[in-house]
Amino acid sequence: MSIYLMGLLWVLGAGLVTGAVAYFARRIGATDGSVENNEAAGQVFTIVGGLHAVLLAFVLISLFDAVNGAEDGASREADNLVAAYWSADALPEPARTDVRDLVVSYAGTVVDQEWPDMVRGTSAVAGDGAEKLDQLRKTVSQTAVTDDWQNSQKTTAADKLLEVYQARQARLSTAGSDGVSNVMWFALIAGTVMSVAMPMLFVGPRPTTHIIIVSILAGTLTLLLFATYQLQNPYAGGAKVEPTAFENVLERLR
C-alpha cells in the first residue's frame, strides 16, 4: 500500500472516530454549566496540549536527525571504501589486486545481504562483511612496501579502512536500535488521547463546528504519530535510506 494512502487512512480514521465520539458526547452528555467551564478547561488544555506538542516535536526532530545521520554515515563509509581502493593502487602485487577484489566484494555484501536485514530492523546482518573488512585490514597492514610513496599510500589506506569500520559500526547500531521505545510510544499515544479528549469538554452554540474542530485536531496529531512511526527505522518506512552509495561504488569500481 502506498505510504500516502496509508497516512490518509490513518488521518481519516482518527478524524471519523473522534467526530463520532464528540457527536454522541454532545447528544448524551449534560451541557448545564459547560459553557462556564470552558475557560477552566481551556487552561488545562493549553498545558496538556503544549506539553504533548513539545514531546512530539522532540521525538520527530530526533528521528529526522537519525535519518540524516544514517544517510551521511552510509555515504562516508562508501567514500572511504573508494579512497582505500584508490590508495591500494600504489601497493605491490598481489596486495593491490586482493584489496580491489575485497573492496568490490564488501560493497556487494552490504547491498545484497546486509541491507535487507537492516530494513527489518536488526544489527545481526547476514553475510561475511565483517570478515571481508578484516581481511582488507590484514592485507594492507601485512603488505611490505619499498619506498616512501608506497608507505604513505599504505598508511592512507589503513586510515580509510578504519573510518569504514567506524561508519559500519554506526550503521549497524542504528539499524539495531529500537527507534522509539515502548515507554515513549505510550507517552505519545496517551498524550494524543488526552489532547483530543480535552476539547470535548468545551461546549459552544455550534455543535457541528465543535465536532469539526475536534476531528481536525485528532487527524493532525494522528498524522504526526504516523510520521513518527515511519521515521523510527532510518532504513525502512517513508524516509528510508537506500544503499545507493554502495551501489555507486559497485558501478564505479567494477
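The values are calculated or read from the model by the stated rules, or taken from the named source; none is laboratory data. If you're wondering where the values come from, they're calculated on a predicted model, not measured in any experiment. Note that we place each Cβ from the backbone using ideal geometry, even for glycine, and neighbour counts take in every protein chain shown. These accessible areas exclude ligands, DNA and RNA; they are computed on the full protein's heavy atoms, side chains included. Shrake-Rupley method; radii C 1.70, N 1.55, O 1.52, S 1.80 Å.
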### Positive-end residue, the chain charge dipole about Cα centroid, Cβ charges, pick of Leu250, Pro199, Gly237
Pro199
### Task
Determine by what factor the alpha-carbon radius of gyration of the chain differs from 2.2 N^0.38 Å, reporting the quotient.
1.50
### Task
Obtain the nm distance between the two label points defined at Val44 and Glu93 by a simple spin-label model: each point lies 7 Å from its Cα along the Cα-to-C-beta direction.
8.2 nm
### Query
If one computes the Cα centroid of region 1-19 and of region 136-192, what distance in Å separates the two points?
39 Å
### Task
Would you tell me the accessible area of Lys160, worked out with a 1.4 angstrom probe on the heavy atoms of the protein chains, in Å² to the nearest 10?
60 Å²
#### Entry: With eigenvalues of the C-alpha gyration tensor scaled by 5 and rooted, region 1-150, Å
61, 18, 11
### Message
From the C-alpha coordinates alone, can you work out the Kirkwood hydrodynamic radius of region 143-198, in Å?
### Response
15.6 Å
### Query
Quick one: Cα centre-to-centre distance for region 203-254 and region 49-77, in angstrom?
12 Å
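Using a 1.4 angstrom probe, figure out how much accessible area the chain has per residue, in square angstrom, rounded to the nearest whole.
On the way: 13900 Å² over 254 residues.
Ligands and nucleic acids excluded, the result is 55 Å² per residue.
Determine, from the Cβ-Cβ distance of Ala190 and Gln113 and an R0 of 25 Å, the FRET efficiency 1/(1 + (r/R0)^6), rounded to the nearest 0.05.
0.05
Based only on Cα atoms, what mean projected area does the convex hull of region 88-144 have, in nm²?
Values: hull surface 15.5 nm².
Taking the Cα atoms of region 88-144, their convex hull projects to 3.9 nm² on average.
How many percent of the accessible area of the chain is carbon or sulfur, using a 1.4 Å probe?
On the way: 8490 of 13900 Å².
Carbon and sulfur atoms account for 61 percent of the accessible area of the chain.
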### Query
For the pair Ile28 and Met6, how long in nm is the line joining their label points, each one 7 Å along Cα→Cβ?
3.4 nm
